[in-house]
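**Q** Structure incoming, see below.
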Amino acid sequence: MTRIEVRGLTKRYGPDTVVDDLTFTVEAGQVTGFLGPNGAGKTTTMRMIVGLAAPDRGTATIGGRHYGSLPVPLTEVGALLDAAAVHGGRTARDHLLALAASNGLPPGRVEDVLTRTGMAGVAVKRAGTFSLGMRQRLGIAAALLGDPRVLIFDEPVNGLDPEGIRWARELMRALAAEGRAVLVSSHLMSEMAQTADHLIVIGRGRIIADTPASELTGGAGGGSVRVRAADPGTLALRLSAAGATVREGLEASLTVAGMSAEEIGRLAAYHGLALIELSPVRASLEDAYLRLTSESVEFQGVAA
């Protein structure tokens, strides 16, 4: 299966090292979220993968080959890096037809991707009249045009309304389910939590985390346990007496640190206390991400 392999990738602009010795793999059959603060080097990395920027050191390959050596790149990798990169005077259909012709693709592919991206109804409108959300859909259509096995999307849901965001999420999941390698960057943590199978987090051009999404959020809960009981007050006293740290939560729940779920269950049973819920606390992706990148944020404001 085709995948993206990045090895020791480094890029400098003058005295600044924007991408610093990155190594990671984007596997086929899953959505890989590419996360990091503004200025972390995500877009520069994506540009190097598709040959729009030359690395100072290291390699980025697609299916074992550099982008520049692919005979018909659009059939190997589709990318949306800038939704504004379209001639405003062309209609959506003509823009895609021009891409198809230059890559030796059949015109029928244009109608296929217009339909899949919900653009068929506006195919004869000029791209210059489109909203940002419509330009995003057109850019996604262009990325899908060659039916590639690898797809790269940089902030693809910018400008999309809630329906469009859900559509984009479902599309990414469907593309991965078809066996494609999908790399997508986004600042919307709630969307990444629902979309990505694997996460690569970078800060100041370096890898901070390269892990399955479930492990990142699961490990960020600090080992806490959420407990709901028929008599939460008594349970809280018993847990505190046993050395646990107990905080009150929503819906009469307790958040317990310092004891495992098994230990809490045994203590409750010993004292004859009925439990309604006993589950590990999973931090949100946003919480885990902010904790990881706290030292890598370039610009930090102060709340009033």
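**Q** Using Cα pairs under 8 angstrom and six or more residues apart, how large is the relative contact order of the chain, in percent?
**A** Values: 611 pairs, mean separation 64.0, N = 304.
Over the chain, the number comes to 21 percent.
**Q** Still on this structure, I have one more. In a GNM of the chain with a 10 Å cut-off on Cα contacts, which of Glu27, Glu155, Glu263 has the highest mean-square fluctuation?
**A** Glu263
**Q** Compute the angle between helix 261-270 and the longest alpha-carbon principal axis of the chain, please, reported from 0 to 90 degrees and rounded to the nearest 10.
**A** With rounding to tens, the tilt is 30 degrees.
**Q** Next question. How far apart, in nanometres, would the label points at Asp210 and Thr234 be if each is projected 7 angstrom from Cα along the Cα-to-Cβ direction?
**A** Using points 7 Å along Cα→Cβ, the separation is 5.3 nm.
**Q** Let me ask another. Multiplying the sequence separation of Glu178 and Thr129 by 0.36 nm and subtracting their Cα-Cα distance, what value in nm do you get?
**A** Working: separation 49, 0.36 × 49 = 17.64 nm, distance 3.31 nm.
The span from Glu178 to Thr129 would gain 14.3 nm if fully extended.
**Q** Let me ask something additional. Taking H placed 1.01 Å from N in the peptide plane, check which residues at least 5 places from Arg57 or on another chain put their amide H under 5 Å from its amide H.
**A** Correct list: Thr10.
**Q** For His271 and Arg57, FRET efficiency with R0 = 45 Å and r from the beta-carbon atoms, rounded to 0.05? Please report the intermediate quantities before stating the final value.
**A** Details: r = 62 Å, r/R0 = 1.38.
Calculated value: 0.15.
**Q** Per 0.36 nm of contour for each residue apart, how much would the distance between Ala98 and Leu290 grow if the chain were fully extended, relative to their Cα-Cα spacing? Show your work: numbers first, answer last.
**A** On the way: separation 192, 0.36 × 192 = 69.12 nm, distance 4.25 nm.
Residue separation times 0.36 nm, minus the Cα-Cα distance, leaves 64.9 nm.
**Q** Let me make sure I get this right: for the range 222-280, a, b and c are the square roots of the gyration tensor eigenvalues over alpha carbons, sorted descending. Under 1.5 in a/c it's rounded, otherwise prolate if a/b > b/c, else oblate. Which is it?
**A** Details: a/c = 1.28, a/b = 1.07, b/c = 1.20.
Here the range 222-280 falls in the rounded category.
**Q** Let me ask something additional. At 7 Å along the Cα-to-beta-carbon direction for both Asn158 and Thr75, put a label point, then send me their distance in nm to one decimal.
**A** According to this spin-label approximation, the distance is 3.2 nm.
**Q** I'd like the antiparallel share, as a percent to the nearest 5, of DSSP beta bridges with both residues in the chain.
**A** Of those bridges, close to 65 percent are antiparallel.
**Q** Determine the distance separating the Cα centre of the range 81-128 from the Cα centre of the range 1-22; give it in Å without decimals.
**A** 31 Å
Readers should treat all values here as calculations from the given coordinates under stated rules, not as data from a laboratory. All of these numbers come straight from a predicted model, not from anything done at the bench. Backbone-built Cβ (ideal geometry, glycine too); neighbour counts: all protein chains shown.
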